[in-house]
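Below: one structure, written as structure tokens.
The values are calculated or read from the model by the stated rules, or taken from the named source; none is laboratory data. Fair warning: this is a prediction, and the values are worked out from it, not measured in the lab. For neighbour counting, all protein chains shown are included, and Cβ atoms are generated from backbone atoms with ideal geometry for every residue, glycine included. Side chains included, ligands, DNA and RNA excluded: accessible areas come from the protein's heavy atoms. Shrake-Rupley method; radii C 1.70, N 1.55, O 1.52, S 1.80 Å.
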Amino acid sequence: MIVIGVDVHKQSVTAVAIDDAGRMLDEKTVPAGSDELVGWSEQLADERLWALEDCRRLTRWLERQLLTAGEELVRVSPKLMAPERRAGRGRGKSDAIDALAVARAALREPELSRPRPDEEPYRELKLLVDHRDGIVDERRRVQQRLRWHLYQLDPTFAVPLRMLARKSHLERVSRWLARQDQELQVRLARDLVISCRRLDRTIAELDGELELRTVELAPALLELPGCGAITAAKLLAEIGPIGRFQNDAQLARHSGVAPLEASSGRIQRHRLDRGGNRQLNAALHRIAITQARIHPGARAYLERKRAEGKSWREAIRCLKRLLVRVVFQTLKASPALT
């Protein structure tokens with residue numbers, strides 16, 4: 001069997017084939033969107049495994065093409081390519097070198113992620129979550145510009161922080177602007193108020209759709225204290241099909257919650273992991289901070305960890321690790337996901 005590593009760009013695709021010893025057999029570069037690669041690979045061997053760099057914004061069309069043709073493929077995380085590039089004889093950086101690193105990484109790693117038939121709902125959920133995050137960022141920029149206009153018009157007209165997201169304060173600003181002389185800056189500020197209202201409506205509609213999809217996929221996740229619909233949607237979007245993970249330890253490592261050993265000599269200790277999926281880590285952190293405020297069980301757990309000599313950050317990390325286990329068991333037990 002041969003392994004074909006693929007480096008995908010917006011305009012071109014470079015594929016490199018290697019044998020089971022990692023020796024390069026052939027390479028080919030085609031324009032993005034071309035269907036030539038399957039025919040080229042059929043001339044090399046009957047048994048082949050395609051290895052694609054895990055960048056699904058660029059590789060989705062190629063994954064569909066290969067799966068339609070009945071090909072077997074795996075996804076290679078970019079961080080797995082660096083050791084192969086350093087160990088290779090060829091120095092420098094090129095598409096062929098990157099494709100070769102992808103292929104050798106796939107040859108070295110036996111349990112890489114593969115496309116799953118049940119991942120489409122999670123892909124759509126992630127598209128919605130990312131779209132909402134972009135709209136929220138846009139609203140924040142509009143609010144910041146509006147604040148500067150209001151300050152330049154009248155420094156004494158105060159709007160409390162984070163209050164422009166509330167209808168009552170936005171209506172107060174609108175009434176105040178309507179009473180001013182309609183000079184250019186006032187008209188611009190009124191346009192920004194209209195934009196804020198429009199973005200608020202869009203965000204509310206997205207929130208409703210995200211909640212509906214979350215209830216369809218994992219309603220039990222919403223029963224977790226501190227986990228609202230938006231956070232639950234973020235968890236599902238970043239985790240994907242829970243069948244990807246054999247146990248909660250794998251999910252903890254994926255989310256950057258599992259501790260890293262930092263021992264030396266007689267000193268035995270662990271430290272926080274700053275790697276992993278940071279979006280997933282942030283969602284777990286929001287749940288942990290909320291539970292630390294409102295959930296008696298979580299507060300007792302944190303106090304117990306502090307009594308053991310752990311710092312506040314280490315105690316929160318322990319709580320996040322416990323939350324990963326709860327989330328994993330919840331998703332595994334969800335009827336909609338089995």
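Put simply, the Cα atoms of segment 65-212 extend 71, 41, 25 Å along their principal axes, the longest span coming first. A simple packing score, the average count of other Cβ atoms within 10 Å per residue, orders the peptides 261-270, 137-146, 237-246 as 237-246, 137-146, 261-270, with the highest score first. Dipole check for the chain: with +1 at the C-beta of Lys and Arg, -1 at the C-beta of Asp and Glu, and the Cα centre as origin, the magnitude is about 2300 Debye.
Relative to one another, the C-alpha centroids of segment 143-202 and segment 270-338 are positioned 39 Å apart.
In the calculated pair-distance distribution of segment 1-145, the portion above 18 angstrom amounts to 59 percent of the Cα-Cα pairs. Rg of the Cα atoms in segment 32-81, relative to 2.2 N^0.38 Å, amounts to 1.15. Solvent exposure of segment 237-338, expressed per residue, is 55 Å² of accessible area, with all protein chains present and a 1.4 angstrom probe.
Compute log10 of I(q)/I(0) for segment 263-338 with the Debye formula, placing one identical point scatterer on every Cα and leaving out solvent, at q = 0.24, 0.28 Å⁻¹, to two decimals. Calculated log10 I(q)/I(0) at the listed q: -1.16, -1.31. Solvent exposure of segment 168-230 amounts to 56 Å² per residue of accessible area, where only protein heavy atoms count and the probe is 1.4 Å.
Think of a 1.4 Å ball rolled over the protein heavy atoms: segment 1-68 then has 53 Å² of accessible area per residue.
Which option, (1) 5, 19, 21, 22, 19, 11, 3, 0; (2) 6, 26, 35, 25, 8, 1, 0; (3) 5, 21, 21, 19, 16, 10, 6, 2, 0, is the value of P(r) over Cα pairs in 10 Å bins from 0, in percent that was calculated from these coordinates? Here P(r) over Cα pairs in 10 Å bins from 0, in percent agrees with entry (1). Against the empirical 2.2 N^0.38 Å (N residues), segment 174-275 has a Cα radius of gyration ratio of 1.83. With respect to the chain, whose longest principal axis is taken over its alpha-carbon atoms, helix 229-239 is tilted by about 10°. In the chain, the portion of solvent-accessible area held by carbon and sulfur atoms comes to 50 percent [1.4 Å probe, whole percent, DNA, RNA and ligands not counted].
Spin-label model, MET1/ALA45: points 7 Å from Cα along the beta carbon direction are separated by 0.9 nm.
Farthest towards the positive end of the charge dipole of segment 50-208, among the residues LEU62, LEU107, VAL129, is the Cα of VAL129, using unit charges on the Cβ of Lys, Arg, Asp and Glu. Normalised by the number of residues in the chain, the average gap of Cα pairs under 8 Å and 6 or more apart makes the relative contact order 13 percent.
With N counted as the residues of segment 192-338, its alpha-carbon radius of gyration over 2.2 N^0.38 Å works out to 1.19.
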